[in-house]
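Asks: A single structure is presented below for examination.
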Amino acid sequence: MNDMTPTREQREAALEGMGCKRKRVEDIRFTQGKGNYVDDLKLPGMLFGDFVRSPYAHAKVTRIDASEALKLPGVIAVLTAEDLKGVNLAWMPTLAGDVQMVLADGKVLYQNQEVAFVVAENRYIADDAIQLVEVEYEELPVLVDPFKSMDADAPVLRPDLDGKTEGAHGPRKHHNHIFTWEVGDKDETSRAFAEADVTIKEMISYHRTHPSPLETCQCVASMDKVNGELTVWGTFQAPHVIRTVASLLSTIPEHKIHVIAPDIGGGFGNKVGAYPGYICSIVASIVTGVPIKWVEDRMENLSTTSFARDYHMTAQIAAKNDGTVTGLKVHVLADHGGFDACADPSKWPAGFFNIVTGSYDFPAAHLEVDGVYTNKAPGGVAYRCSFRVTEAAYCIERAMDILAQKLSMDPADLRIKNFVKPEQFPYQSALGWEYDSGDYHTAMHKAMDTIGYRELRAEQKAKQEAFRRGETREIMGIGVSFFTEIVGAGPSKNCDILGVAMFDSAEIRVHPTGSVISRMGTKSQGQGHETTWAQIIATEIGIPAADIMVEEGNTDTAPYGLGTYGSRSTPVAGAAIALAARKIRNKAQMIAAHMLEVSEYDLDWDIDGFQVKGNPQARKSMKEIAWAAYHAPPPGMEPGLEAVSYYDPPNMTYPFGAYFCVMDIDVDTGVAKTRRFYALDDCGTRINPMIIEGQVHGGLTEAFAIAMGQEIRYDEIGNVMGASFMDFFIPTAVETPHWETDHTVTPSPHHPIGAKGVGESPNVGGVPAFSNAVNDAFQFLGSTHIQMPHDAWRIWQAAKDLGAHG
Amino acid sequence: MSDIEQIPVTMTVNGKKVQRFVEPRTLLIHFLREDLNLTGPHIGCETSHCGACTVEMNGMSVKSCTLFAVQANDAELTTIEGMANADGTLSALQEGFRQMHGLQCGFCTPGMITRAHTLLQENPNPTEDEIRMGISGNLCRCTGYQNIVKAIQYAAAKLNGTDFQEAAE
């Protein structure tokens with residue numbers, strides 16, 4: 001060995017594999033304004049589409065007259081539901097088993113609903129034309145409050161469902177009822193309540209909000225009539241699913257549809273579903289034979305495509321006097337708006353809300369969810385959370401605090417007392433999940449020690465006394481949140497979208513010179529897959545990440561996958577990547593054995609190649625093996641070095657974390673200042689700690705926004721009140737708190753690299769931490785539960801109602 | 001085509017003089033993106049809130065989604081496409097954003113870097129609070145800003161020839 005021979009550490013570092021803070025590949029183009037987003041696309045002859053929208057929340061549409069609009073120079077066409085009926089596309093199926101109008105078919109069900117699609121030479125003319133389309137409406141009574149949806153005299157929102165007593169998820173019990181979903185043992189749970197020393201009950205609302213990525217939903221559809229091929233570029237978190245849906249709806253064969261998701265400017269669940277804009281653009285391109293671009297504006301985005309949450313959760317806990325929980329009962333009233341356009345796996349009408357037992361060992365639990373229609377935008381999607389998991393985490397974490405208050409116990413101690421213990425994993429929850437792994441106690445104690453929890457409680461007590469003595473007008477809250485997520489949908493035995501099992505995939509091709517191209521069924525929207533996927537491959541096959549190109553989003557070239565949402569990319573595609581890489585390594589081992597003239601069993605893997613056992617000098621690097629795979633493969637072996645893997649996960653993964661929020665609140669102004677926010681995450685094996693930290697920062701900022709003011713509110717006649725960045729709270733750098741991050745590592749036992757997914761944890765765990773901090777601050781004044789969002793006005797109102805203003 | 005009168009505009013964009021005819025109502029962001037093919041600046045809200053469309057005009061940060069192209073007549077403009085060093089390498093800010101992981105989806109990044117560029121002209125050595133206030137017209141949905149602040153501190157230190165001390169967690 002001479003001095004130039006790299007050490008093992010140097011060879012390891014050169015790979016930039018798993019566990020390293022590799023700088024992002026994507027940033028080179030993004031920092032120079034050279035990203036490639038949908039609206040950057042310009043095709044010859046391209047036209048622009050834009051919608052005429054309803055000003056009313058509930059009305060009959062009695063007449064649409066486009067004649068004046070069509071007279072405007074530059075206007076090519078105006079599509080209405082009547083036109084779409086010709087191609088059987090006036091309505092489309094939703095992912096939740098409902099149907100949804102593409103364009104208003106006789107009536108509108110929410111404000112800003114799509115009524116007609118104008119196609120013009122440019123976006124300015126399209127906008128002019130919208131003003132010229134005359135629509136006559138006949139107003140109908142508006143239903144906004146989901147608690148009134150099932151009143152006997154509630155207006156009928158969906159005459160198309162008249163007489164349908166059976167929905168996609170069982171019987172419907174009212175004309176505005178969508179489904180009832182029941183999980184758990186009702187009798188056993190009732191028994192637990194009958195025998196309980198203590199019970200609590202609270203209606204905990206998680207208000208309607210919106211994912212609101214900075215780039216809105218958009219597409220360009222281009223029909224090549226000569227070859228019968230359709231190409232759609234779009235903001236698609238799940239491009240392959242969009243292709244399948246487009247094929248089923250249009251009857252164009254799937255191989256003649258090319259769906260391309262280029263760079264995406266954030267998704268957060270907004271870009272999973274299929275929206276009228278996509279359908280209308282495709283139809284308009286089929287009609288006109290030229291490309292059609294559709295770009296949502298911000299108001300359209302906030303008021304029409306995919307709201308999130310709007311869950312009204314009545315939680316009850318039964319417990320013993322010592323704080324041991326014995327039963328959990330939850331009823332949810334789920335407001336879906338005008339159509340059930342949830343983007344959940346097909347069999348899960350309320351997503352994975354049955355993770356609501358959280359991190360606690362409830363021996364008995366029962367859950368019932370009722371979905372209802374209202375005159376609001378359809379949805380709802382999972383805004384940076386695995387399906388309805390953030391709602392569940394908020395529900396149980398708020399309820400545990402309320403129980404602690406009733407028992408006069410410390411909320412952290414109550415949680416620790418009831419945690420699922422390390423030796424109980426794999427743990428079977430009362431609502432049907434098998435938690436794969438966890439070490440809650442270690443995480444909680446590390447978090448409490450780091451933040452100085454006991455000292456903070458002592459300080460809070462002193463402040464409360466000073467407040468009572470009139471020495472300060474500031475109160476202090478400590479928000480505790482210990483969440484368990486369920487991500488990585490999912491096993492084919494219980495997860496599908498429109499019948500397609502929720503596997504994911506990876507294809508890896510090693511070229512003769514030892515460089516790699518790899519493609520997956522997922523689609524990054526900022527998660528940095530081009531960087532992290534290469535890190536997994538680098539570690540698995542010993543080729544530097546810098547020599548590995550990752551490509552996603554083109555359905556022509558990438559293997560079929562279900563896309564990126566619900567923190568499923570790492571648990572599902574990440575596993576497919578590792579397994580595809582291992583296929584390559586196994587073949588490489590046979591080639592190396594042939595090259596070194598030994599048995600493959602006499603070889604050890606060593607960072608970036610194979611070496612002969614006991615003779616490390618006799619080795620072949622992956623680069624040499626790659627060349628041999630194409631140049632002189634062993635006799636009888638197929639040449640080449642490629643692999644594909646489709647991964648059907650055996651179980652979900654269950655990331656968890658301990659979050660603490662320390663807040664100071666001025667009772668006279670309602671202004672709440674976050675003094676400290678500490679987030680400890682356990683997402684199993686960590687692929688790129690820099691990216692994990694970035695994900696946690698971003699998710700916490702979204703959690704902060706949601707808990708502290710971000711809301712899509714409606715007035716009593718269905719006007720949407722939060723449909724611009726003037727009214728919809730997106731925190732700036734000034735309001736956003738400073739984030740402290742930390743971690744423990746409990747690898748998933750069933751995942752090939754032990755990774756669990758992290759992108760959504762901070763949203764799931766962050767919201768209860770903020771809300772619990774506000775609630776904790778007011779508890780000593782006699783408050784039990786204050787509903788979110790906690791903006792300054794509402795906090796001020798709460799203080800006033802509690803008599804804190806004297 | 002629309003029969004609205006087209007009027008001439010002249011401006012210097014990233015050091016190059018450009019001359020075009022535009023409808024008076026053409027927004028500067030559409031002029032940049034669609035007439036000049038400078039697709040770095042983005043449209044996120046159309047109402048001046050998000051700052052994805054931020055460009056520098058005559059030394060000031062402006063939101064090009066709420067300015068008409070004709071208002072930029074005779075102006076000197078710099079967009080993200082004009083931010084790299086003359087030799088094509090990444091500028092201190094571009095490098096800082098990559099080194100400090102100050103971006104994720106990249107949609108706000110062109111506006112954010114362009115704004116930060118002007119901020120460092122106005123205040124070459126800003127405190128964290130001054131940076132936070134200085135970029136408060138630019139929204140980011142992905143990063144939570146903490147690493148953007150570090151990226152700007154990194155660039156300021158590099159431009160000032162001082163050591164960058166990453167704040168402790």
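None of the figures in this text is laboratory data; all of them are computed from the coordinates on show. Bear in mind the structure is a predicted one, so any value in this text is a computation, not a measurement. Neighbour counts run over all protein chains shown; Cβ positions are idealised from the backbone, glycine included.
Asks: Run down the aspartates and glutamates and flag those whose C-alpha is under 18 Å from the C-alpha of A:Lys587, throwing out any fewer than 8 positions away in its chain.
Replies: Qualifying aspartates and glutamates at Cα under 18 Å: A:Glu507, A:Glu540, A:Glu597, A:Glu600, A:Asp602, A:Asp604, A:Asp606, A:Asp608, A:Glu624, A:Glu638, A:Glu642.
Asks: Can you tell me the FRET efficiency between A:Asp65 and A:Asp556 if r is taken as the Cβ-Cβ distance and R0 is 41 Å, rounded to the nearest 0.05? List each step's numbers first, then the result.
Replies: On the way: r = 42 Å, r/R0 = 1.03.
About 0.45, to the nearest 0.05.
Asks: Now, a different point. If you take the charge dipole of segment A:661-806 about its Cα centre, with +1 on Lys and Arg Cβ and -1 on Asp and Glu Cβ, which of A:Thr744, A:Thr732, A:Gln710 is farthest toward its positive end?
Replies: Toward the positive end, the furthest listed residue is A:Thr744.
Asks: Something else: I'd like the distance between the alpha-carbon centres of segment A:642-661 and segment B:36-65, rounded to an integer number of Å.
Replies: One Cα centre to the other: 39 Å.
Asks: Which whole-number percent is the relative contact order of chain B (Cα, under 8 Å, 6+ apart)?
Replies: Details: 299 pairs, mean separation 37.4, N = 169.
The value is 22 percent.
Asks: Which percent, to the nearest 5, of DSSP beta bridges fully inside segment A:307-394 are antiparallel? Don't jump to the answer; show the numbers that get you there.
Replies: Details: 9 of 20 bridges.
DSSP beta bridges in segment A:307-394 are roughly 45 percent antiparallel.
Asks: Okay, next question. How high is the relative contact order of segment B:92-160? Use alpha-carbon pairs under 8 Å, at least six apart in sequence, and give a whole percent.
Replies: Values: 78 pairs, mean separation 39.0, N = 69.
Once divided by the residue count of segment B:92-160, the mean separation gives 56 percent.
Asks: By how many nm would the segment from A:Arg457 to A:Lys493 grow when fully extended, if each residue of separation counts as 0.36 nm and the alpha-carbon distance is taken off? Kindly include the intermediate steps, with their values, before the conclusion.
Replies: Working: separation 36, 0.36 × 36 = 12.96 nm, distance 4.64 nm.
Using 0.36 nm per residue and subtracting the Cα-Cα distance, I get 8.3 nm.
Asks: Moving on to the next point. With no solvent and one point on each alpha carbon, what is the Debye value of log10 I(q)/I(0) for segment A:639-798 at q = 0.08, 0.13, 0.14, 0.21 Å⁻¹?
Replies: The Debye formula, applied to the Cα set alone, gives -0.32, -0.72, -0.80, -1.28.
Asks: While we're on this one: If the chain between A:Glu138 and A:Val87 were fully stretched, how many nm would it gain, using 0.36 nm times the residue separation less the Cα-Cα distance?
Replies: On the way: separation 51, 0.36 × 51 = 18.36 nm, distance 2.72 nm.
Contour length minus the Cα-Cα distance gives 15.6 nm.
Asks: Determine the equivalent ellipsoid of segment A:558-649 by diagonalising the alpha-carbon gyration tensor, then write out the semi-axes as square roots of 5 times the eigenvalues, largest first, rounded to whole Å.
Replies: On the way: eigenvalues 182, 45, 18 Å².
For segment A:558-649, the semi-axes come out at 30, 15, 10 Å.
Asks: When DSSP assigns beta bridges and you keep just the ones with both residues in the protein assembly as shown, what percent turn out antiparallel, to the nearest 5? All intermediate terms of the calculation are to be shown ahead of the outcome.
Replies: Working: 122 of 152 bridges.
About 80 percent, rounded to the nearest 5.
Asks: Using the structure shown, select from A:Lys225/B:Lys17; A:Lys107/A:Lys271; A:Lys173/A:Lys421; A:Lys60/A:Lys800 the pairs with a Cα to Cα distance greater than 32 angstrom.
Replies: Details: A:Lys225/B:Lys17 41 Å; A:Lys107/A:Lys271 26 Å; A:Lys173/A:Lys421 41 Å; A:Lys60/A:Lys800 43 Å.
Checking Cα-Cα distances, A:Lys225/B:Lys17; A:Lys173/A:Lys421; A:Lys60/A:Lys800 exceed 32 Å.
Asks: If you don't mind, another one. Restricted to Cα positions, what overall size does segment A:27-78 have along the principal axes? Three whole-Å values, descending.
Replies: Here the Cα extents, ordered largest to smallest, are 53, 31, 11 Å.
Asks: Counting only Cα, what are the radius of gyration and maximum Cα-Cα distance Dmax of segment B:7-82, in Å?
Replies: 10.9, 29
Asks: Tally Lys/Arg at +1 and Asp/Glu at -1 over every other residue whose Cβ is under 15 Å from the Cβ of A:Ser492; what's the total?
Replies: On the way: positive: A:Lys347, A:Lys493, A:Arg568; negative: A:Asp496, A:Asp504, A:Asp648.
Result for the local shell: 0.
Asks: Here is a follow-up. Read phi for every residue in segment A:93-110 and hand back ³J(HN,Hα) as whole Hz from Karplus 6.51 cos²θ - 1.76 cosθ + 1.60, θ = phi - 60°, with x for Gly and Pro.
Replies: Working through the residues one at a time gives x, 9, 5, 9, x, 9, 10, 9, 5, 7, 10, 3, 10, x, 7, 10, 10, 7 Hz.
Asks: On to the next question. Which is farthest toward the positive dipole end of segment B:72-169 among B:Gly111, B:His101, B:Ile152, measuring Cα position about the Cα centre, with Cβ charges +1 (Lys, Arg) and -1 (Asp, Glu)?
Replies: The one lying farthest along the dipole's positive direction is B:His101.
Asks: Give the peptides A:742-752, A:476-486 in descending order of average Cβ contacts within 10 Å, highest first. Don't skip to the answer; put the middle values down first.
Replies: Working: A:742-752: 19.4, A:476-486: 27.9.
Final packing ranking: A:476-486, A:742-752.
Asks: Across segment A:120-235, what fraction of all alpha-carbon pairs, as a whole percent, falls in each successive 10 Å bin from zero upward?
Replies: Each 10 Å bin holds this share of Cα pairs: 8, 16, 23, 28, 15, 6, 4, 0.
Asks: Under the rule of at least 5 residues apart or a separate chain, name every residue whose amide H is placed under 5 Å from the amide H of A:Asn554.
Replies: When sequence neighbours closer than 5 places are left aside, the close amide H contacts are A:Ala261.
Asks: Report Rg(Cα)/(2.2 N^0.38 Å) for segment B:92-160, keeping two decimals. List each step's numbers first, then the result.
Replies: Values: Rg = 10.4 Å, N = 69, 2.2 N^0.38 = 11.0 Å.
Dividing the Cα Rg of segment B:92-160 by 2.2 N^0.38 Å gives 0.94.
Asks: List the aspartates and glutamates whose alpha-carbon lies under 13 Å from that of A:Lys85, not counting same-chain residues fewer than 8 positions away?
Replies: Within the straight-line cut-off, A:Lys85 pairs with A:Asp105.
Asks: If I histogram all Cα-Cα distances within segment A:635-697 using bins 5 Å wide from 0, what percent of pairs lands in each bin?
Replies: 4, 10, 12, 12, 11, 11, 9, 8, 7, 4, 3, 2, 2, 1, 1, 1, 0
Asks: Here is a follow-up. Before anything else, pin down the relative contact order of chain A: Cα pairs under 8 Å, at least 6 apart, normalised by residue count, whole percent. Could you put the intermediate results ahead of the total?
Replies: Values: 2035 pairs, mean separation 125.2, N = 806.
Relative contact order, chain A: 16 percent.
Asks: Mind ordering A:147-157, B:90-100, A:333-343 by average Cβ neighbours within 10 Å, highest first?
Replies: Numbers: A:147-157: 14.7, B:90-100: 23.2, A:333-343: 25.5.
The peptides rank, most packed first, as A:333-343, B:90-100, A:147-157.
Asks: Once fully extended, how much extra length lies between A:Glu188 and A:Phe147, figured as 0.36 nm per residue of separation less the alpha-carbon to alpha-carbon distance?
Replies: Values: separation 41, 0.36 × 41 = 14.76 nm, distance 2.80 nm.
Between A:Glu188 and A:Phe147, full extension yields 12.0 nm more.
Asks: Across peptide A:696-709, what mean number of C-beta atoms from other chains lies inside 10 Å of a residue's C-beta? Could you put the intermediate results ahead of the total?
Replies: On the way: counts 1, 9, 10, 2, 2, 7, 3, 1, 1, 1, 0, 0, 0, 0.
If you average over the peptide's residues, the count of other-chain Cβ atoms is 3.
Asks: Give the separation of the Cα centroids, segment A:495-560 to segment A:62-76, in Å.
Replies: 47 Å
Asks: Report, in whole Å, the centroid distance computed from the Cα atoms of segment A:366-398 and segment A:750-793.
Replies: A separation of 15 Å, based on Cα centres.
Asks: Dividing the alpha-carbon Rg of segment A:661-732 by 2.2 N^0.38 Å yields what?
Replies: Details: Rg = 16.4 Å, N = 72, 2.2 N^0.38 = 11.2 Å.
So the Cα radius of gyration is 1.47 times the expected 2.2 N^0.38 Å.
Asks: Going highest first, how would you order A:786-798, A:285-297 by mean Cβ packing within 10 Å? Show your work: numbers first, answer last.
Replies: Details: A:786-798: 18.8, A:285-297: 21.2.
Result, highest mean Cβ count within 10 Å first: A:285-297, A:786-798.
Asks: Additional query: Please compute the Cα-Cα pair-distance distribution of segment A:221-367 with 5 Å bins starting at 0, giving whole percents from short to long.
Replies: Pairs per bin, as whole percents: 2, 8, 14, 16, 13, 11, 9, 7, 6, 5, 4, 2, 1, 1, 0, 0.
Asks: Could you give log10 I(q)/I(0) at q = 0.14, 0.31 Å⁻¹ for segment A:579-630, computed by the Debye formula over C-alpha point scatterers of equal weight, without solvent?
Replies: With one equal scatterer per Cα and no solvent, log10 I(q)/I(0) is -0.28, -1.33.
Asks: What net charge is computed for the residues neighbouring A:Val287, neighbours being all others with C-beta under 11 Å from the C-beta of A:Val287, Lys and Arg scored +1, Asp and Glu -1? All intermediate terms of the calculation are to be shown ahead of the outcome.
Replies: On the way: positive: A:Lys225; negative: A:Asp83.
Local charge sum for A:Val287: 0.
Asks: Ok, one more. Ignore the peptide's own chain and count Cβ atoms of other chains within 10 Å of each Cβ in B:24-36; give me the average, rounded.
Replies: On the way: counts 0, 3, 2, 2, 0, 0, 3, 0, 0, 3, 4, 0, 0.
Average per residue, whole number: 1.
Asks: With +1 on each Lys and Arg Cβ and -1 on each Asp and Glu Cβ, how big is the dipole of chain A about its Cα centre, in debye rounded to the nearest 20? Let's see the in-between values first.
Replies: Details: 72 positive and 105 negative charges, 166 e Å.
Rounded to the nearest 20 debye, it is 800 debye.
Asks: Which of the three applies to chain A, rounded, prolate or oblate, going by the alpha-carbon gyration tensor with a ≥ b ≥ c and a/c under 1.5 meaning rounded? Each step should come with its number before you reach the end.
Replies: Working: a/c = 1.81, a/b = 1.09, b/c = 1.66.
It comes out oblate by the Cα gyration axes.
Asks: Can you pull the one-decimal nm distance between simple spin-label points at A:Lys42 and A:Lys320, each 7 Å off the Cα toward Cβ?
Replies: In this crude spin-label approximation the distance works out to 7.3 nm.
Asks: Right, something else. Starting from the Cα of A:Asn227, step 7 Å along the direction of its Cβ; do the same at A:Lys800; then give the gap between the two resulting points in nm.
Replies: Using points 7 Å along Cα→Cβ, the separation is 6.6 nm.
Asks: Please go through the residue pairs A:Lys347/A:Lys493; A:Lys583/A:Lys623; A:Lys201/A:Lys406; A:Lys347/A:Lys756 and name each one whose alpha carbons sit more than 18 Å apart in this structure.
Replies: Distance filter (> 18 Å) returns A:Lys347/A:Lys756.
Asks: Now for a separate question. Scale the Cα Rg of segment A:504-615 by the rule-of-thumb value 2.2 N^0.38 Å and send over the ratio, two decimals.
Replies: On the way: Rg = 15.2 Å, N = 112, 2.2 N^0.38 = 13.2 Å.
So segment A:504-615 has a normalised radius of gyration of 1.15.
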